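The values are calculated or read from the model by the stated rules, or taken from the named source; none is laboratory data. Note that this is a predicted model, so its numbers are computed, not measured. No Cβ is skipped: glycine too gets one built from the backbone with ideal geometry, and neighbour counts run over all protein chains shown.
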Amino acid sequence: MAQTLYLTLLLIALCSISECVQRQYHFINENKTWTEAQRYCRENYTDLATVDNMNDMIQLKKSLNDRGVRSIWIGLQRTDVKKWHWSSGDPVLILNWASGQPVGSDNCAYIIGGLWYVWPYSATPTFICYNNKLIVIQQNLSWSEALRYCRQNHVDLVSVQSVEMQYEVMNVVKLASTEAVWLGLRHSCALGIWFWVSGETVCHQNWAPGNGTSDEDCELTVRSGAVQSGGDQTWISRPETDRLNFICTNY
């Protein structure tokens with residue numbers, strides 16, 4: 001009991017430091033085999049559901065309870081007698097097997113009432129996919145091109161309105177191939193302020209020293225905000241014509 005409590009607290013602490021990727025889950029009301037469900041999720045979202053912290057568990061249970069669903073596939077698969085892995089390739093950090101599970105030779109995991117069981121590939125329950133909430137696009141675009149790309153293919157360029165969101169950005173920005181990555185942060189020369197493209201003013205701030213002032217040089221080009229992909233991952237002001245990777249949101 002003490003060991004279980006310690007593991008739970010450790011996972012929560014790790015998530016608060018941003019080591020856990022936050023996900024957005026999508027219940028799919030279609031009956032498919034595990035392999036068919038995996039293919040569907042990869043084509044339309046990111047992958048079959050991955051669960052690696054208590055927050056994920058709570059979100060999944062809520063998704064099931066809200067829809068009155070009893071059994072769904074998740075992305076957990078057995079590779080040998082004792083080893084399990086996620087379809088997404090993420091390490092298995094948490095398990096929630098029902099009493100006596102896993103049992104038998106079946107190799108895929110599904111959920112009933114919040115607990116995990118094994119089933120054969122050929123079974124056809126409904127299933128749940130996930131999207132990463134934030135995604136780094138490894139294309140080098142100007143700020144305006146990046147904004148257009150995110151709005152056409154995802155939801156928007158990311159707005160960072162809290163310490164928690166900053167942690168999420170820090171967690172994914174290390175995947176970038178450029179030294180800085182566009183945020184949805186823009187400077188208005190007319191008003192002398194920085195603002196988010198989501199329409200919000202800049203409350204939470206994480207500027208590098210000497211950046212983010214009201215008096216930006218508007219002579220040559222409009223300034224936009226980026227986050228450094230290395231070092232302290234603070235925000236910097238860049239000409240919007242620079243060509244950088246960027247972060248889109250999926251929510």
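Scanning the stretch 37-63 for residues that are under 16 Å from Trp119 (Cβ atoms) and touching a residue at least 60 places away in the same chain (Cβ under 8 Å) turns up Ala37, Leu48, Ala49. Is it true that Asn53 is assigned by TED's automatic domain parsing to the domain that holds Phe127, surrounded by fewer than 17 Cβ atoms within 10 Å (Cβ to Cβ) and either hydroxyl-bearing (Ser, Thr, Tyr) or modelled with pLDDT under 85 (or both)? No: the conditions fail for Asn53.
Among all residues of the stretch 115-138, there is at least one that is surrounded by fewer than 17 Cβ atoms within 10 Å (Cβ to Cβ) and in the same structural domain as Ser198 (by TED's automatic domain parsing). Scanning the stretch 164-222 for residues that are surrounded by fewer than 18 Cβ atoms within 10 Å (Cβ to Cβ), under 18 Å from the mean Cα position of the chain (by Cα) and outside any helix (DSSP H, G or I) yields a count of 2. Buried (at least 18 other Cβ atoms within 10 Å of the Cβ), at pLDDT 85 or above and not charged (D, E, K, R) - does that describe any residue in the stretch 61-70? The answer is no, given that none of the residues of the stretch 61-70 is buried (at least 18 other Cβ atoms within 10 Å of the Cβ), at pLDDT 85 or above and not charged (D, E, K, R).
Would you tally the residues in the stretch 75-131 being assigned to a loop (DSSP other than H, G, I, E, B) and either among the hydroxyl-bearing types (Ser, Thr, Tyr) or without any contact (Cβ under 8 Å) to a residue 40 or more places away in the chain (or both)? Matching residues across the stretch 75-131 total 24. A Cβ distance below 6 Å, combined with a sequence gap of six or more or placement on separate chains, defines the contacts here; from the stretch 231-251, residues that are in a strand (DSSP E or B) reach residues that are of a type in the set (D, E, K, R) and modelled with pLDDT of 90 or more in the pairs Ser237/Arg223; Thr249/Asp156. Taken over the stretch 56-111, the criterion of being farther than 17 Å from Phe27 by Cα and of a type in the set (Val, Ile, Thr) is satisfied by Thr79, Val81, Val92, Ile94, Val103.
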